[in-house]
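The values are calculated or read from the model by the stated rules, or taken from the named source; none is laboratory data. In this text, all values refer to a predicted model and were calculated from it rather than measured experimentally. Note that we place each Cβ from the backbone using ideal geometry, even for glycine, and neighbour counts take in every protein chain shown. Heads up: the accessible areas ignore ligands, DNA and RNA and are worked out on the full protein's heavy atoms, side chains in. Shrake-Rupley method; radii C 1.70, N 1.55, O 1.52, S 1.80 Å.
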Amino acid sequence: MRKIISNMTGLWLPLILAAVSGYASADNPPTRGKTADVACSHDWYRATERRLVSGDGQGHGPDLGSEEWKSVIEFKLGVRGHADIPPRDSDDWCRYVDSLMGKQSASVSRADPGVGAGDPHQGPSFSCDPVEAGSIEAMICADPELSALDRELSAVYAAAVAKAVNQHPPMLKAEQRGWIKGRDDCWKSTDPRGCVKDEYQRRIVTLQARYRLVSYTPSVQFVCNGNPADEVIVTFFKTDPPTLIAERGDRVSLMFQQPSASGSKYQGGNETFWEHQGEARITWGFQAPAMVCIKSP
């Protein structure tokens with residue numbers, strides 16, 4: 001009888017241990033400091049950054065693993081502010097983010113089996129599942145270059161949101177909704193794809209300059225019309241294409257660099273700036289006369 005019991009114990013003990021182990025892993029996930037499928041580490045932060053891109057593509061962005069970085073990652077995944085997010089200083093937070101990234105990649109792959117296979121960055125920042133056939137979003141989903149621009153804008157916008165967190169009134173989100181509507185109106189254009197591409201490029205550059213997300217020069221003062229009280233303050237940004245922000249009184253104008261045979265020429269909504277050898281001709285307002293402005297020493 002003892003021999004039979006001993007043999008049965010040898011037969012069933014491995015199965016019992018396996019069941020106990022399975023129960024522990026399924027219903028009692030390891031706590032911090034124990035073995036886990038996903039744990040917060042520098043390598044994990046780097047891998048997550050490659051997938052979600054918290055910076056602006058120009059080497060600017062929050063430090064990996066920092067509170068600001070984790071806030072941007074939550075925003076990119078659409079869960080910032082949700083009540084069920086684990087504490088950011090725990091491995092549970094990293095496991096939670098890893099799970100969401102897996103769902104995001106699966107969503108993109110379902111939309112197009114050729115998209116996201118091996119590289120989740122092949123699709124845009126939004127899910128292609130619910131997009132309407134023939135829509136601008138469907139065009140973006142099917143176009144690798146436009147998808148890349150959408151991902152870039154998503155990263156730049158997230159960085160801008162982090163900078164604008166204390167902005168009052170909170171204009172950025174409303175502006176972004178307006179921009180999306182304008183982008184989607186590109187179907188009216190004779191060249192819808194070209195229109196969408198231009199919209200993305202201009203929006204990316206606008207956010208980079210307005211929220212100081214790229215390198216820029218120290219501000220330069222120009223005295224206009226020979227009147228020291230009439231000055232225009234100009235800051236140049238290393239965007240692509242180059243931009244400047246000009247301030248005159250309480251008005252601000254963002255201008256884009258234009259081709260020019262000599263000097264530097266920029267065009268805004270109703271303003272222009274053309275500098276050559278320290279002297280600038282600036283128009284400020286629709287059909288306004290050009291002002292001669294001299295750079296302050």
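Positive contributions from Lys and Arg (+1) and negative ones from Asp and Glu (-1), summed over other residues with Cβ under 10 Å from the Cβ of PRO86, come out at -2. Between GLN258 and HIS82, the simple label model (points 7 Å from Cα in the Cβ direction) yields a spacing of 4.8 nm. In this calculation the C-beta distance from ASP198 to THR235 is compared with R0 = 35 Å, giving a FRET efficiency of 0.90.
Compared with the direct C-alpha span, the chain from SER90 to SER66 gains 7.4 nm at full extension, assuming 0.36 nm per residue. Between ALA138 and ALA39, full extension at 0.36 nm per residue minus the direct alpha carbon distance yields a gain of 32.0 nm.
Each residue was assigned an accessible area with a 1.4 Å probe, and for HIS82 the value is about 90 Å². Kindly flag which residue pairs out of LYS265/LYS295; LYS197/LYS238; LYS238/LYS295; LYS181/LYS265; LYS163/LYS295 have an alpha-carbon separation exceeding 24 Å in this structure. Distance filter (> 24 Å) returns LYS181/LYS265; LYS163/LYS295.
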